[in-house]
Every structure is written in structure tokens, then in C-alpha cells.
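FYI, it's all coordinate maths here, none of it is from the lab. In this text the structure is predicted, and so the values were computed from the model without any measurement. Positions of Cβ are backbone-derived with ideal geometry, glycine not excepted, and every protein chain shown enters the neighbour counts.
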Amino acid sequence: VINLYYPLRSLKEGHWFKLICGASFQHLPAIQNLVLAYALAGADCVDVAADAAVVAAAREALDRAERYWRQVIAPTTGCDRPWVRPLLMVSLNDGDDPHFRKACFDPAHCPADCPRPCEPICPAQAIAFPPTANGVIAERCYGCGRCVPICPLNRITTAFYQFSPADLGPLVNQGVDAIEIHTQVGREAAFESLWAAIAPVVPQLACVAVSCPDGDGIEDYLRSLDALMQPRPPVVVWQADGRPMSGDIGDGTTHATLRLGQKLLAAHLPGYVQLAGGTNGYTVEKLRSLHLLAPTAGPQAIAGVAYGSYARKLLSPVLDALDERQARASPPAPRPSPYLEYHPDLLESAMRLAHALIDPLKRHPSLLIASP
Ligand code: SF4
Ligand code: SF4
């Protein structure tokens, strides 16, 4: 199936798909291959950490996806449609937020006989012990916090960090098209101060998303943010962050974002409502059964879905197989490429998995795009 979509049109038509690589996730090889596979499968947007190295890696992956489209997919399928580049989004925060933290501990302080329950529970393989690594591998940790309560000796702590607004201009010059601001109910002052600092860059953006978990008075809170977002971004997306970073745990995690999405729709906020936080392979089916997706929903439809931990977990067997190929290589044989497109069997598997997540959202023939 050849799927290419014009991102902002996807929002309007209610089938926007966003890949969340993780506001703290900085493992560049994984980010590159995730971006490549999901871009080729029809993602409208890829959301990455606001970090120059991560943005450079994601941009490079989008360039490689375009090349692969032009040189391999278009000629072999006879498709003459132009390549459509997904939007590149970065995530910022206006205060402490689990998406913007890293776990930390010193293995030297762990008892030698500890069965190490922290290691298998980490969904990002971010915990390893000497000689492989020294505790948390920071670039892999995306802050989910699952390792913290499982340590019987409370050895694991987390440290929050704050996005520096001065970094946004250079990131936009690097090719960032859109931003997502993580906030929480009651943070008007912090949001306003962040907005004031980034306002000069806003006119260069195609889209601004505001991500918020549920809380008392969320409707009024988001209305107040809407009023202070001046200059007005061309497109505003309200991201219903139901149960953050939990989509890989089980089907049921999607209910919180479904409920929050319905709440935000009922609030008639100016802009689009998109789900995140607990989204998984069950989300679209549930949205359709509730008539919250186009074309059966009316004008008040959910505009799209963002997938983070579930999308990453879906492709992890393929990325693990690629890692294994690299680890198995021994000199003088050349080390296999870390890029998926140099492993056609793995790329095909990755794209099949990515399509399985994207296509149900975009399955209506009327949604196959012919023009911008
Ligand atoms: S379990 Fe979550 S918080 Fe802990 S190291 Fe892994 S990714 Fe980081
Ligand atoms: S569970 Fe706690 S004590 Fe045991 S290895 Fe992990 S961090 Fe160390």
C-alpha cells in the first residue's frame, strides 16, 4: 500500500498520525530507524526531543526516507506522486514533567545478590550493569519511571530538566516545523513565561501542539492558554495526554485518553483535538466504535492519534535484530550498516508493522490523498 499524506490536511480530515520518539529519548540509531520506517509508512509528523543531535538525526532520517522513496519505492511501484515530508516537531516543557526526566542510580551501591528487577522492567533497555554500562544509559531513558518503585532498596532516583527557550530558534533553523508544549492544569504563569520567550519564533512554525494530562478545570485552563498564545499559531492541536508513556503496557491504557479527548471535544476549544498517552493498537478501533473519527463523526471529531511507547515497542523486534546483526559481525568482515534501508528484509518487516498501526487510522479510500 502506498500512503503519503499532507500533514495539515490529515489534521483537517481527521486521520493525523504522529510518531512520538520521546521528549527525553536520545538514542540516535533507534530514532533514525523509527523515523525512517514510520515516515515511509505514511506518518504525518514525528515528534522528537528538543536536542540538536536528535533533530539532526531525525532530519537525516527524513532525508533518507525521501531518497528511498524516490530511488526504490516510486520506481518499483510506478507511483508518480511526489514525496510528502512529515512535519518535524520538538517537545518543550513549562515545568516539571515526567516526559522530561531521567532515572539514575549507581550500581556500585547495589547489593551483589540483588536479582536486579530494575533491568527487565525497563521498556527501553536503558538499564545495564558493568561491564556493559553503569546503571541507566541516559540517552535511552525516556523517563517512564517504571524502574523507580520496583527497586526494593529505593536506589533509583529521577532528575527533571527544563527546556531552555533560547534553544528553540537554532532548532527551527535546523529544520524543526512544529512544537509541542507539555503543561499541566494550574501553570498559566509558567506557560505564559515560556510563550513570551518563544513567541519570536512562532511565526516560523506550521503548528503548535499543547499537551496536557487531565485535571480539574482543564477546559478553562486550556482556554486561558489559547487566549495568551499570541501571535496566534497557524494551527493549534490540543493533545489529550491520557495516561502518559503507557501505551505498551496493555489495551486498557487507552481509556484515559479516550475520555480526555471526549472532554476536550465537548469544550469546543479552537483547534484540533488529538489523542496521546496510552494510545495503542486498540485506540482506533475504540474511536471508530464511539463514532469519534472521520468520516462517521461530525465536525467535532478527533483529528488524530499520536503513538509513543507502543509504536516504539512494535518495531523493537526489528531494531533488536538489526543490533544483533551488528554485534555478530567480527573483523575483518565490514560492520553491517546501522540503517534499516541497507537491510531490505528488516525494512520490509518494519514497514509492515508501521503500516499495521497507521493504516487503520487512514483506511477510508476517501482519505488517500491526491492533492495538497
Ligand atoms: S524504566 Fe523508564 S525511567 Fe527507568 S531507566 Fe527505563 S526508561 Fe528510564
Ligand atoms: S533493583 Fe535496585 S538495588 Fe537492585 S540492582 Fe536495581 S537499582 Fe540496584
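Using the per-residue mean of other Cβ atoms lying within 10 Å as a proxy for protection, in what order, highest first, do the peptides 159-170, 174-185 fall?
174-185, 159-170
Strictly greater than 21 Å: what percent of every Cα pair in segment 125-257 meets that?
The calculated P(r) of segment 125-257 puts 56 percent of pairs beyond 21 Å.
Of the listed peptides 318-327, 134-143, what is their order by residue-averaged count of other C-beta atoms within 10 Å, with the highest listed first?
134-143, 318-327
Take the alpha-carbon centre of segment 231-264, take the same for segment 282-300, and report the distance between them in whole Å.
One Cα centre to the other: 14 Å.
Take the alpha-carbon centre of segment 105-164, take the same for segment 48-99, and report the distance between them in whole Å.
Spelled out, the Cα-based centre of one part sits 30 Å from the other.
For the chain, give me the percentage of DSSP beta bridges that are antiparallel, rounded to the nearest 5 percent.
Approximately 15 percent, going by the DSSP bridge assignments.
Please sort 302-308, 232-238, 45-51, 126-132 by packing, taking for each peptide the average over its residues of neighbouring beta carbons within 10 angstrom, highest first.
Output ranking for 302-308, 232-238, 45-51, 126-132: 302-308, 45-51, 232-238, 126-132.
With n ≥ 4 as the cut-off for DSSP H runs, can you work out [θ] at 222 nm for the chain, using -39500 (n - 2.57) per run divided by the number of residues, rounded to the nearest 500?
-10500 deg cm²/dmol
Using Cβ contacts closer than 10 Å as the measure, can you line up 229, 245, 351 from fewest to most?
229, 351, 245
On a straight-distance basis, which aspartates and glutamates could pair with residue 263 in a cross-link, Cα separation under 15 angstrom, same-chain partners fewer than 8 positions away excluded?
214, 216, 219, 220, 241
Compare 277, 186, 95 in a GNM of the chain, Cα atoms joined below 10 Å, and give the one with the largest fluctuation.
Result for the chain, Cα springs under 10 Å: 186 fluctuates most.
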